[in-house]
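The values are calculated or read from the model by the stated rules, or taken from the named source; none is laboratory data. Computed from a predicted model, the values in this text were never measured in an experiment. Cβ: placed from backbone, ideal geometry, glycine included. Neighbour counts: every protein chain shown. Accessible surface areas use protein heavy atoms only, side chains included; no ligands, DNA or RNA. Shrake-Rupley method; radii C 1.70, N 1.55, O 1.52, S 1.80 Å.
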Amino acid sequence: MATPNPTKHILVIPFPAQGHLPLLDLVHLLSIRHGFALSILVTPQNLPLIQPFLSSTPAASPLVFPLPSYPAIPSGIEHSRHLPPHIHPVLLSLPLSLLKPQILSWSKSIPNPITLLISDSFLGWTESLAREIGVPRINFASTGAFGTAVIDYLYLHVPKKSNESIQLESLPSSPSFPYPELPLVCRCYKPGDPDWEFIRESILANFSSWGVMTNTFNALESEYISYLKNFYGHNRVWAVGPIQPTGPVTSRGGNSSVSSAELTAWLATCPQKSVVYVCFGSQYTPSESQASAIAAALELSGVRFIWPLGGLSTVIPEGFEERTKGKGLVIRGWAPQVEILRHPAVGSFLTHCGWNSVLEGVVAGVTLLTWPVQAEQFINVKLLVEAVGMALKAASGSDAVPEAEELAKTFAESVGMRAGSLTDVVREKSVEMQREAAVAVKEGGSSHKDILDFVNAISLFIRH
Ligand SMILES: O=c1ccn([C@@H]2O[C@H](COP(=O)(O)OP(=O)(O)O[C@H]3O[C@H](CO)[C@@H](O)[C@H](O)[C@H]3O)[C@@H](O)[C@H]2O)c(=O)[nH]1
């Protein structure tokens, strides 16, 4: 562990959403390995959520400011998981931006000046904050390079609602997407609406950040990483993923509602690669008919499974748990996803393709079965299925209700209970990407090198 150096002081401004947490894992690594002192901006309700990070990062201190009220955000809400579904999480950027004067005066009052600001790409307003403090800013993108490229493109060339597919001309291979599959953060933009104009300006401000760090790796997205370098007009785009969870993987993002011992005991009864894991991330609850289709498919296929229903209210058919007793585990609440995926008994993952789930699946070498529902998930599927060829399409869209028989076949093929030549190809590609991901983060690997390159680049700004 490196000795913390107070002259290397990073102000970190995370975005309060589960899927954006890898920023904390990244700065943990910078602190532990490279001796950076960290100040983490956090609002009071979110302070307990970052406690595990603070406990494991001795040179990190919270910088706590109450969240100012803002009309677009119901009062008392400080985290995206508590926002009603009709409010896009990015709008939490608005009240946070009101903290700028306080952050500025705090930065002037401290004995160990800030060297650098790292903030989430949903917080592009921090670009002008960094300029006022007089330090460079790193824009941290929690989506992949392709996802980031698409969101950036769509804020430059705002698409009109259309029945035709929207083609993104200057991106590699000029991909096109049906309008409803474009990220909601882009489709929600309302020209002339002051809140959305602020968000647009904020995203455009990311383009002038001094550097960009992204949670991806070269072997997975080299084409889009190169594209981003070209787009931003410099090479300070560091692909540093897959960022590893800080501390025990069992507690990533929340306390699990099932004990590790219970899970391990059950998984120990299952043959290698025989279990299908089903999860839709932290922000989506499958509808009752979707949950029924999944349940029927699990039952019909006869596969072993683990299915966390989340803290929200997924309704599953009556009697399902009794009928599948021994074959599967239904988890009510938060599951230790990373731990589950890394268990050798798990063979495939029906996922909504949130970027963290994708990377966690890649690291674990499981076969990804894709069912994108929102955000940039359709873009991630294009990457995984069409560009890399390492995933199988299971369903698509928040309104989709797949045929139980078809989904059952996909489940069975994915764990080798049914022959399917495509699955072999896909499975081999998953194993190859798993290997590439492991190589990337090891000494000499592309992501490891990018972190060192980043540390060297910012040493120019360190005052001694
Ligand atoms: O029971 C659960 C459910 C989720 N997780 C974890 O929660 C995270 C979920 O992140 P992600 O898979 O990225 O999904 P979302 O929470 O939906 O993430 C949002 O943010 C991501 C990063 O910007 C985007 O890629 C997604 O599309 C967007 O929906 C992952 O680390 C999971 O391991 C658990 O540990 N247990």
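Some notes on this structure:
- Solvent-accessible area per residue for the chain (1.4 angstrom probe, square angstrom): 41 Å²
- Site pair Thr3 and Lys393 shows an inter-label distance of 5.8 nm when each label is modelled 7 Å from Cα along Cα→Cβ.
- Neighbours of Pro175, meaning other residues whose beta-carbon lies under 9 angstrom from its beta-carbon, give a summed charge of 0 when Lys and Arg score +1 and Asp and Glu score -1.
- In this rough spin-label picture, where each label sits 7 Å from Cα along the Cβ direction, the Cys188-Glu443 distance is 4.5 nm.
- Cβ-derived FRET efficiency at R0 35 Å, Ser174 paired with Gln102, nearest 0.05: 0.20
- Carbon/sulfur fraction of accessible area - segment 133-187, other protein chains in place, 1.4 Å, %: 46 percent
- With all protein chains in place and ligands, DNA and RNA left out, the 1.4 Å accessible area ranks Tyr224, Tyr284 as Tyr284, Tyr224, largest first.
- For the residue pairs Lys8/Lys449; Lys8/Lys100; Lys160/Lys229, alpha carbon separations beyond 25 Å are given by Lys160/Lys229.
- Whichever aspartates and glutamates have a C-alpha closer than 13 Å to that of Lys442, once near sequence neighbours (fewer than 8 apart) are set aside: Asp450
- Beta bridge orientation in the chain: antiparallel %, DSSP, nearest 5: 10 percent
- Gain on full stretching of the segment that runs from Glu405 to Val64 - 0.36 nm per residue minus C-alpha separation: 117.6 nm
- Report summary: the helix-based calculation at 222 nm, which adds -39500 (n - 2.57) for every DSSP H run with n ≥ 4 and divides by the residues of the chain, gives -11000 deg cm²/dmol.
- Here segment 315-369 exposes an accessible surface that is 54 percent carbon and sulfur, computed with a 1.4 Å probe and the other protein chains kept in place.
- Spatially proximal lysines relative to Lys382 (Cα-Cα < 20 Å; intrachain offsets below 8 disregarded): Lys393, Lys429
- Annotation: extensible slack from Lys160 through Leu422 equals 90.6 nm (criterion: 0.36 nm per residue apart, minus Cα-Cα distance).
- Prolate/oblate/rounded label for segment 262-313 (Cα gyration tensor, a/c 1.5): oblate
- Accessible area per residue was computed with a 1.4 Å probe on protein heavy atoms; Phe122 scores about 40 Å².
- Of the residues Lys229, Lys8, ranked by 1.4 Å probe accessible area with the largest first, the sequence reads Lys229, Lys8.
- Compared with the alpha-carbon gap, the fully stretched path from Lys327 to Arg131 is longer by 64.9 nm at 0.36 nm per residue.
- Inter-centroid distance (Cα atoms) of segment 274-338 relative to segment 369-395, Å: 20 Å
- Percent antiparallel among DSSP beta bridges (both partners in segment 1-115, rounded to 5): 10 percent
- Förster radius 41 Å - calculated FRET efficiency between Gln45 and Gln167, Cβ distance, rounded to 0.05: 0.45
- Legend: residues Trp106, Trp355, sorted from most to least accessible area (1.4 Å probe; ligands, DNA and RNA excluded), read Trp106, Trp355.
- Segment 1-83, accessible surface, carbon-and-sulfur percent (1.4 angstrom probe): 61 percent
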